[in-house]
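The values are calculated or read from the model by the stated rules, or taken from the named source; none is laboratory data. The shown structure was predicted, so the numbers you read here are calculated from the model rather than taken from an experiment. Ideal geometry is used to build each Cβ from the backbone, glycine not excepted, and the neighbour counts take in all protein chains shown. Just so you know, the surface numbers come from the protein's heavy atoms only, side chains and all, with ligands and any DNA or RNA stripped out. Shrake-Rupley method; radii C 1.70, N 1.55, O 1.52, S 1.80 Å.
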There are 4 protein chains.
Amino acid sequence: MYNFRTDLALERTNIYRKANKLEEIDGIETEDEEVDENISVSRVKVTNENGERAIGKKKGVYVTIDLKKFKFADDDQIQKASDILSKELKEILESHIAKKDDILVVGLGNIYVTPDSLGPKVINEIDVTRHIIKYLPQYIDENSRPVTAISPGVLGTTGIETLEILKGIVDNIKPKLIIVIDALASRSIDRISSTIQIADTGIIPGAGIGNTRKEISQNTLGVPVIALGIPTVVESAVLVNDCLDLLIEKLQNEAKSNVFLNQLKEKDNYEGIKDVLNPQDYNMIVTPKEIDELIENMKDVVARGINMSL
Amino acid sequence: MYNFRTDLALERTNIYRKANKLEEIDGIETEDEEVDENISVSRVKVTNENGERAIGKKKGVYVTIDLKKFKFADDDQIQKASDILSKELKEILESHIAKKDDILVVGLGNIYVTPDSLGPKVINEIDVTRHIIKYLPQYIDENSRPVTAISPGVLGTTGIETLEILKGIVDNIKPKLIIVIDALASRSIDRISSTIQIADTGIIPGAGIGNTRKEISQNTLGVPVIALGIPTVVESAVLVNDCLDLLIEKLQNEAKSNVFLNQLKEKDNYEGIKDVLNPQDYNMIVTPKEIDELIENMKDVVARGINMSL
Amino acid sequence: MYNFRTDLALERTNIYRKANKLEEIDGIETEDEEVDENISVSRVKVTNENGERAIGKKKGVYVTIDLKKFKFADDDQIQKASDILSKELKEILESHIAKKDDILVVGLGNIYVTPDSLGPKVINEIDVTRHIIKYLPQYIDENSRPVTAISPGVLGTTGIETLEILKGIVDNIKPKLIIVIDALASRSIDRISSTIQIADTGIIPGAGIGNTRKEISQNTLGVPVIALGIPTVVESAVLVNDCLDLLIEKLQNEAKSNVFLNQLKEKDNYEGIKDVLNPQDYNMIVTPKEIDELIENMKDVVARGINMSL
Amino acid sequence: MYNFRTDLALERTNIYRKANKLEEIDGIETEDEEVDENISVSRVKVTNENGERAIGKKKGVYVTIDLKKFKFADDDQIQKASDILSKELKEILESHIAKKDDILVVGLGNIYVTPDSLGPKVINEIDVTRHIIKYLPQYIDENSRPVTAISPGVLGTTGIETLEILKGIVDNIKPKLIIVIDALASRSIDRISSTIQIADTGIIPGAGIGNTRKEISQNTLGVPVIALGIPTVVESAVLVNDCLDLLIEKLQNEAKSNVFLNQLKEKDNYEGIKDVLNPQDYNMIVTPKEIDELIENMKDVVARGINMSL
């Protein structure tokens, strides 16, 4: 299997196609739709084991919603994007459970680390109803679906596998379906916090990574798990790797190595690289994931240093 | 002049030396000191116009304090780093003003953008005294120096040049010296929020950048301006550019272009690149500077989308 | 003059009327308007010195916009309230300056203290234009008004009187009018962050308080100052004082002192008081203003205490 | 049983004693200790059913640590308070479990509501070890105790009883003891975020309140539950009620009702009340618990209103 370094089925399909110079992949069906100039929806369907092997994703449906110019989004665009997401999600829900079946929404991630905080932030806004249906039924429409929501935290701050926490909760409250919100890695900078992947296969960490995070899926929890994944990071190594690939390709194609290399070295490649990296007016920076903590520490140093010197 | 893409005099000196294969640069004196295993201090002194031209920095002293393993810093290390900063700062202050002269501390940057929030956060912790000396002198040691502090905000959110705001304040409160805290760009990822540059030359934005930010210095404000600069970002283009340079150099040195290029393309460079980019156990990511805003927008989409679908 | 303990002209007028059992006050004209079931607008006009003396507010117009059930406000209600505010503000602006005259918006308060953070938060959202008109005129409608915005901080963290900071800025950028956003004290808990007072008289701290905050008004800054004040606190002493007044009145009216007092003491007044204090489904609490700081300190104690004991 | 309106055993004991004019209460032993001028420790031991009935607290030990002038605490005082807490906690732990037994730390409360955010904030700082012992035993001392930590959220945002969440987790990770951090109500404003109550009885919501929060204790979870409770709120109704009681008492004692009432009404009680309410240089305010949400809504109104009017 390729080391795709992206969790998006759509990006993986495109990488696989390009690498193998294929138009079609056996076991993978795709479909694209332009909703309007700023929203597009793609569907990748993995239909057999060949498709699974090709892109390293389980059999199932992967819907990708891309939101363009999303950082300038006003309330109308946010509402429109919500409508599309709601429509896609509803379809998947209806194919798995009945109208009044219990749903548990799970927001993975760490509220204290900005690029990892999306899951917990979403949970805070979910309209939960189970406790109202249970304790104050007179205040709620009798056809309401019981909804619960939880942010279980991350292994590094709880010391507990997320799966262990969820298992216990599922045993106790017995939802019929779980929606998991998770941060993904993407290969494309303009997908950061601008793309949503909906998958009906749960969350299955890649085989090659060697960590111990356990699969969160119907296999492990006993009920269907719908994953909403949003890319929030691109690794800097991915970025550099992609640039090297481009350069090597260029060198080979043009077959003019030595003189060309000298020229390349003479001229400043920075502006060209910058153009490549900033396709959509983002001002890209490389930061350590611990930037918030580092800034707090440094704030203490500088404030104390100044105070003591005055 | 080189396009150094770093605001640190120390990095610029090293780049210039390496590019010109020089041991010494006329007009630049340097000096290094290891304080302990985690703290080192370097001094770059630009002494004449040749030095100014070489590294694009005004005549003056640039002290760089490097803090290693700073993300794991405990309170003792933070205190030690503060002591060093205080010592260096005191020396500079004493060479410019008298013991009871007024000082204004200015924190540049935007409190709402994490990597740009250091200046305003420091200002919040400065022990200001001028108002106590003025209105409640009985509550303060009569030898106290009047200290004031302000975060003037950034042009994009105020619509006003920082220099214009500071001019007005300086005219009204007439400090004898200004300390400015600013976020810098660095070329080295492990300097992010782990290095402090103290310069007695104020803040002089690079000529080549073409923006209209005006110099904040004795020239424009009439009193000495000490700049405390802390690197908080590295551009991803810088990173990729550096990697390309390394590759080209390697290709030339080894003079085995075509076969080698094929090999390079076959094998996966990712792990090697990752090693190069993660020299000090940072988990590096590439994020748009607007990450916080993008996350807020996306949170709304996902929460609304889920709520509407349930 | 009464010690009204409210900054709202409307509440002062009502207190004065009730205390003096007056229907009309010479020098004060009032007018009420119900915009819809959730928004009402009142206008208090102070027309002569008698009115000034009566309610301790300068000659001028004080418009109060009351937003009911505002904690449950959805986006539509927020937009509707914004429309009303915009309409009232526009009228006042048009009576003072021309269409393209410069405006400076000032957000008073401390971003780090929740109940005092409204001003700085608003400033962060103001669409500033002056720098675009100045540096990038091609990107903006040529009829745009130059708008600037600043959060000058508070005396306790800057050491500088707000007026001194504003004077300097006004001298440099020469706006034709200033809009100041400020937190007010109110007597009524259900007005907290649910009422806006617009006054064309600037901000004039009460004579009786004895602090040194200087007036921010046309007198001191030379251009008209429109104040937008939002109540964010009620003092607990005000609350208790009001309750005592009610009790004393009741005791006198009913003229049945001793037996009644015994009864009062026997029965639990708590539920009755709670009803009085929670008129609009708020869950009221009494907190020290420094609650955020206290919580940070306590967090350190508890986390360290637990960590050391494990 | 009294409606004490405080969760502190110490305050309840004092209220009961005063109300019944008792020196000693059968079934309750107390002990006070001044650690230094800023820290005192009190122990209340409920030893039989009479004691339980008297103060409405289960048989067990309740240790109260009071921190004076805590809002001005520097790092040394915070460390000292942590030491005391650690010492008290260690004693209780050693009486219940062995050195290497698993502990689960639970932080109750809502991270998004300032006065309710202490529990989740503490959890973020706990040194969890279970996952390191399990997955990376080579990196940790082999005598380390497995520690886990979780913030389960609140019923209003999860829709799930905290007890149900904890049950599931306890079933899966089988800790030998649980430490629960919770916000309490107190009667005394100067105890807000300045007092810690340690109880070996778990958390048992008062019978009279009629809510459905279920007991978190050895009874329901099968392992000992140590509760660390920190007062973060005082209800305004409690405050007013206390003041009325004082007034009524005064009126009765002095037996001079009518003339006195008139005098009372004439003079301004505000300053006296303010003195009573501000015993320890706190600047007390009354806020709705939803203050943060109200401020966000109001920020939108004011920013939009201004933007549209300019």
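Reported count of residues in segment C:68-102, each being more than 7 Å from chain D (Cβ to nearest Cβ) and open to solvent by less than 10 Å² (accessible area, probe 1.4 Å), is 1. Answer with yes or no whether residue D:143 is surrounded by fewer than 24 Cβ atoms within 10 Å (Cβ to Cβ) and at the interface with chain A (Cβ under 9 Å from one of its Cβ atoms). Spelling it out, it is not the case that residue D:143 is surrounded by fewer than 24 Cβ atoms within 10 Å (Cβ to Cβ) and at the interface with chain A (Cβ under 9 Å from one of its Cβ atoms).
Among the residues of segment D:60-90, just one is part of a helix (DSSP H, G or I), closer than 18 Å to residue D:9 by Cβ and of a type in the set (Asp, Glu), namely D:88.
Annotation note: of C:12, C:43, the sole residue that is closer than 27 Å to residue C:233 by Cβ and out of contact with any Phe, Trp or Tyr (no Cβ under 6 Å at 6 or more places or on another chain) is C:43. Has segment C:12-34 got any residue that is open to solvent by less than 60 Å² (accessible area, probe 1.4 Å), at pLDDT 90 or above, aliphatic (A, V, I, L, M) and closer than 28 Å to residue D:300 by Cβ? No; the residues of segment C:12-34 include none that is open to solvent by less than 60 Å² (accessible area, probe 1.4 Å), at pLDDT 90 or above, aliphatic (A, V, I, L, M) and closer than 28 Å to residue D:300 by Cβ. Answer yes or no: is there a residue in segment A:122-134 that is in contact with a helix residue (DSSP H, G or I) (Cβ under 9 Å, 6 or more places away or on another chain) and under 24 Å from residue D:132 (Cα atoms). No - not one qualifying residue is present in segment A:122-134. Annotation: of all residues in segment C:111-123 being within 8 Å of another protein chain (Cβ to nearest Cβ), part of a loop (DSSP other than H, G, I, E, B) and in contact (Cβ under 8 Å) with a residue 12 or more places away in the chain, the one that is farthest from residue D:300 (Cα to Cα) is C:112.
Residue B:161: within 18 Å of residue B:220 (Cα to Cα) and either out of contact with any strand residue (DSSP E or B) (no Cβ under 9 Å at 6 or more places or on another chain) or surrounded by fewer than 20 Cβ atoms within 10 Å (Cβ to Cβ) (or both), yes or no?
Values: within 18 Å of residue B:220 (Cα to Cα): yes; either out of contact with any strand residue (DSSP E or B) (no Cβ under 9 Å at 6 or more places or on another chain) or surrounded by fewer than 20 Cβ atoms within 10 Å (Cβ to Cβ) (or both): yes.
Yes.
In segment C:124-146, is there at least one residue being more than 26 Å from residue B:136 (Cβ to Cβ), in the same structural domain as residue C:202 (by TED's automatic domain parsing), touching a Leu at 6+ places or on another chain (Cβ under 7 Å) and touching a residue at least 24 places away in the same chain (Cβ under 8 Å)? Show your work before the answer.
Filtering segment C:124-146 for residues more than 26 Å from residue B:136 (Cβ to Cβ) gives C:124-146.
Restricting the remaining residues to those that are in the same structural domain as residue C:202 (by TED's automatic domain parsing) gives C:124-146.
The next check asks that each one be touching a Leu at 6+ places or on another chain (Cβ under 7 Å); those that pass are C:131, C:145.
Adding the requirement that they be touching a residue at least 24 places away in the same chain (Cβ under 8 Å) leaves C:145.
Checking segment C:124-146: at least one residue is more than 26 Å from residue B:136 (Cβ to Cβ), in the same structural domain as residue C:202 (by TED's automatic domain parsing), touching a Leu at 6+ places or on another chain (Cβ under 7 Å) and touching a residue at least 24 places away in the same chain (Cβ under 8 Å).
Conditions (1) at pLDDT below 90; (2) open to solvent by 50 Å² or more (accessible area, probe 1.4 Å); (3) not polar (S, T, N, Q), marked per residue:
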residue	(1), (2), (3)
D:150	no, no, yes
D:178	no, no, yes
D:211	yes, yes, no
D:214	yes, yes, yes
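Restricting attention to segment A:47-67, which residues are in contact with a Ser or Thr (Cβ under 9 Å, 6 or more places away or on another chain), among the acidic types (Asp, Glu) and exposed (fewer than 15 other Cβ atoms within 10 Å of the Cβ)? Scanning segment A:47-67 gives no hits. So is residue A:107 touching a strand residue (DSSP E or B) at 6+ places or on another chain (Cβ under 9 Å) and facing chain D (nearest Cβ under 7 Å) or not? Here the answer is no, as residue A:107 does not meet what is asked.
Yes/no per residue for (1) assigned by TED's automatic domain parsing to the domain that holds residue C:87; (2) touching a residue at least 40 places away in the same chain (Cβ under 8 Å); (3) not aliphatic (A, V, I, L, M):
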position: C:21; (1), (2), (3): yes, no, yes
position: C:28; (1), (2), (3): yes, no, no
position: C:37; (1), (2), (3): yes, no, yes
position: C:50; (1), (2), (3): yes, no, yes
position: C:56; (1), (2), (3): yes, yes, yes
position: C:68; (1), (2), (3): yes, yes, yes
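Does residue D:189 satisfy the condition of being aliphatic (A, V, I, L, M), free of Cβ contacts under 8 Å to residues at least 60 places away in the same chain, surrounded by fewer than 23 Cβ atoms within 10 Å (Cβ to Cβ) and assigned by TED's automatic domain parsing to the domain that holds residue D:72? Walk me through it before giving the result.
On the way: aliphatic (A, V, I, L, M): yes; free of Cβ contacts under 8 Å to residues at least 60 places away in the same chain: no; surrounded by fewer than 23 Cβ atoms within 10 Å (Cβ to Cβ): yes; assigned by TED's automatic domain parsing to the domain that holds residue D:72: yes.
No.
Select from segment C:153-173 the residues that are in a loop (DSSP other than H, G, I, E, B) and either facing chain B (nearest Cβ under 7 Å) or modelled with pLDDT of 95 or more (or both) and list them in ascending order.
Start the filter on segment C:153-173 by keeping residues that are in a loop (DSSP other than H, G, I, E, B), which leaves C:153-154, C:159-161.
Scanning segment C:153-173 gives C:153, C:159, C:160.
Of all residues in segment C:23-54, those satisfying the criterion of being assigned to a helix (DSSP H, G or I) and either out of contact with any strand residue (DSSP E or B) (no Cβ under 7 Å at 6 or more places or on another chain) or closer than 16 Å to residue C:11 by Cβ (or both) are C:49, C:50, C:51, C:53, C:54. Residues in segment B:180-208 that are within 26 Å of residue C:169 (Cβ to Cβ), more than 12 Å from chain A (Cβ to nearest Cβ) and at pLDDT below 90: B:203, B:204, B:205. Residue under question is residue C:93, and the condition is that it be over 13 Å from residue D:298 (Cα atoms) and either in a helix (DSSP H, G or I) or not assigned by TED's automatic domain parsing to the domain that holds residue C:179 (or both); does it hold? It is true that residue C:93 is over 13 Å from residue D:298 (Cα atoms) and either in a helix (DSSP H, G or I) or not assigned by TED's automatic domain parsing to the domain that holds residue C:179 (or both).
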